[in-house]
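Below is one structure, written out as structure tokens, with a few remarks after it.
The values are calculated or read from the model by the stated rules, or taken from the named source; none is laboratory data. On a predicted model such as this, the values are computed, not experimentally measured, just so you know. Counting neighbours? That spans all protein chains shown, and the Cβs are built from the backbone with ideal geometry, glycine included. With ligands, DNA and RNA removed, areas are computed over all heavy atoms of the protein, side chains included. Shrake-Rupley method; radii C 1.70, N 1.55, O 1.52, S 1.80 Å.
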Amino acid sequence: DAKTTQPNSMESNEEEPVHLPCNHSTISGTDYIHWYRQLPSQGPEYVIHGLTSNVNNRMASLAIAEDRKSSTLILHRATLRDAAVYYCILSRGSTLGRLYFGRGTQLTVWP
Amino acid sequence: NAGVMQNPRHLVRRRGQEARLRCSPMKGHSHVYWYRQLPEEGLKFMVYLQKENIIDESGMPKERFSAEFPKEGPSILRIQQVVRGDSAAYFCASSPFRDGEQFFGPGTRLTVL
């Protein structure tokens, strides 16, 4: 399974934008890029996913590099509720839908 | 539409007992995934089921663990003769189709004394 690399931790101030990077240099052409997050003591929560083009939804934006070897999750205005572990995950047809969670990035948001 | 439900939320067992974890997927979802999260670690895939069938159990320990998703009722993850190393948070997720967005439940936290 294709591997992703994320920083262990990042910090932000409330109401500032946050850019969470993810490297996936071995991504294949059919791999989707998914982001999930896990708030303390809760199950993971879907954030966003994309294939080639940048994507926006009510929670975040996903910027995908032209060569697809990296991507960035953008939280436009961080809130205290955004403090969580963020996971960048690749999926492909051969994985039958199962998700492989790495260690993710622990985001701390300061008031 | 209620979210994914798991019960119990907390379960305490003594070594050697059986643990039975239940997961009710979201309405209309026929795909269920179970994951385990050991303390201070990320989630690890265990098993993927689709109504009455085990599709992929490559992440499930070969012994003591089993899973089912009957035609009627919740999906069950069963751990026989629990050991202290089974202490973890167990999450299930459901999806309307195989590669769809997965919706996670709140998890069952199993503690083995």
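General observations
- Single condition A:T30 does not satisfy, out of (1) more than 29 Å from B:V4 (Cα to Cα); (2) surrounded by fewer than 17 Cβ atoms within 10 Å (Cβ to Cβ): (1)
- The single condition among (1) within 14 Å of chain A (Cβ to nearest Cβ); (2) at pLDDT below 95; (3) open to solvent by 30 Å² or more (accessible area, probe 1.4 Å) that B:R36 does not meet is (2).
Conditions tested, residue by residue: (1) within 10 Å of the chain's Cα centre (by Cα); (2) away from chain A (no Cβ under 11 Å); (3) surrounded by 15 or more Cβ atoms within 10 Å (Cβ to Cβ); (4) over 22 Å from A:Y100 (Cα atoms).
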residue	(1), (2), (3), (4)
B:G16	no, yes, no, yes
B:A19	no, yes, yes, yes
B:M60	no, yes, yes, no
B:A67	yes, yes, yes, no
B:S95	no, no, yes, no
B:R109	no, no, yes, no
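- Residues of the range A:68-84 that turn out to be part of a loop (DSSP other than H, G, I, E, B) and open to solvent by less than 80 Å² (accessible area, probe 1.4 Å), as a count: 4
- Test: residue in the range A:47-67 that is within 25 Å of B:S58 (Cα to Cα) and either assigned to a loop (DSSP other than H, G, I, E, B) or touching a Cys at 6+ places or on another chain (Cβ under 9 Å) (or both): no
- Here B:V82 clears all of (1) within 14 Å of another protein chain (Cβ to nearest Cβ); (2) open to solvent by less than 20 Å² (accessible area, probe 1.4 Å); (3) over 14 Å from the mean Cα position of the chain (by Cα); (4) more than 18 Å from A:G43 (Cα to Cα) except the condition numbered (1).
- Any chance A:R58 is open to solvent by 80 Å² or more (accessible area, probe 1.4 Å), closer than 20 Å to A:E11 by Cα and among the charged types (D, E, K, R): no
- Checked against the criterion of being modelled with pLDDT under 95, within 13 Å of chain B (Cβ to nearest Cβ) and touching a Ser or Thr at 6+ places or on another chain (Cβ under 9 Å), the candidates A:Y100, A:Y86 yield just one match: A:Y100.
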